[in-house]
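The values are calculated or read from the model by the stated rules, or taken from the named source; none is laboratory data. Small disclaimer: the values here were computed from a predicted structure and weren't measured. No Cβ is skipped: glycine too gets one built from the backbone with ideal geometry, and neighbour counts run over all protein chains shown.
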Amino acid sequence: MTMEQILDTVRSFDGVLELAPAEGGEFPEIAWGDHFFYYAPDGQVPQREQPYATIITKDYPDDTACDLDRPGRWRLNVHVGTEAFTDLIGERPREEGAPRDFTATDTVLPHPLYRLQGWIAIVNPGERTEAQALGLLCAAHDDAVRRAERRAARPGS
C-alpha cells in the first residue's frame, strides 16, 4: 500500500480537511511533507481538536523510535481510542507496554509517543495491514464526525 493510496482514500471522506504543510507555507519546516486529517466540513481547522489521523514522513526531535529518516519510510498514525487500542495491541493504552520494535514495518504498533491517548502507528503499511489500516481510518473519521455532532448539539455551541 502506498502513501498515495491512503491519501486518496482519506481525501474521499465526507468533510475531511487535510493539512499538508509544504515549503513556503505558514507551517514550520519540520512539518513539510506530512499530512494531518480533521473532520471539518466548513473547511476550517477545528479549535481545540486534534487530527484523527496523520502521516509522518520523517523523525521529529522527540519522535525517533520508528527511524523515519531512512529513505522510503513513513508512518500512518490513527487515533483509535481505548477499546480499539486494547483489541489491536492486547494492552490498555495506559498500561506499561511490552517492549516493541518501533522500526518494524507493516505492523500495527502502539504510537511511540501518543499511546496513552489511544493512538496506533503503522510504519509503511503493506499487504498485512492494508485492509486493517483503511478500516481504522474510516472508524477514526466516523468517530470525529460523531464528536463534532455532539459538540454542535450542545447548548451555546
Give me the pairs: first residue in the stretch 19-42 and more than 23 Å from H141 (Cβ to Cβ), second residue of a type in the set (D, E, K, R) and in a loop (DSSP other than H, G, I, E, B), beta-carbon distance under 6 Å, and six or more apart or on different chains, which are they?
W32/E23
Could you list, ordered by first residue, the pairs with Cβ atoms under 8 Å in which the first is in the stretch 84-113 and farther than 16 Å from D59 by Cα and the second is among the hydrophobic types (A, V, I, L, M, F, W, C) and modelled with pLDDT under 95, at least 6 apart or interchain?
E91/A98
Is there a residue in the stretch 119-128 that is more than 12 Å from the chain's Cα centre (by Cα) and aromatic (F, W, Y)?
no
Residue by residue through the stretch 39-48, note down the ones that are over 26 Å from A131 (Cβ atoms), surrounded by 13 or more Cβ atoms within 10 Å (Cβ to Cβ) and at pLDDT 95 or above.
A40
Of all residues in the stretch 64-87, count the ones that are over 25 Å from A144 (Cα atoms) and either among the hydrophobic types (A, V, I, L, M, F, W, C) or surrounded by 14 or more Cβ atoms within 10 Å (Cβ to Cβ) (or both).
4
Screening P93, P125, P61, P51 for residues that are more than 26 Å from S12 (Cα to Cα), at pLDDT 95 or above and surrounded by 15 or more Cβ atoms within 10 Å (Cβ to Cβ) leaves only P93
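Filter the stretch 96-122 down to the residues that are in a loop (DSSP other than H, G, I, E, B) and surrounded by 17 or more Cβ atoms within 10 Å (Cβ to Cβ) and list them by number.
Hits for the stretch 96-122 are F102, T107, V108, H111, P112, Y114, G118.
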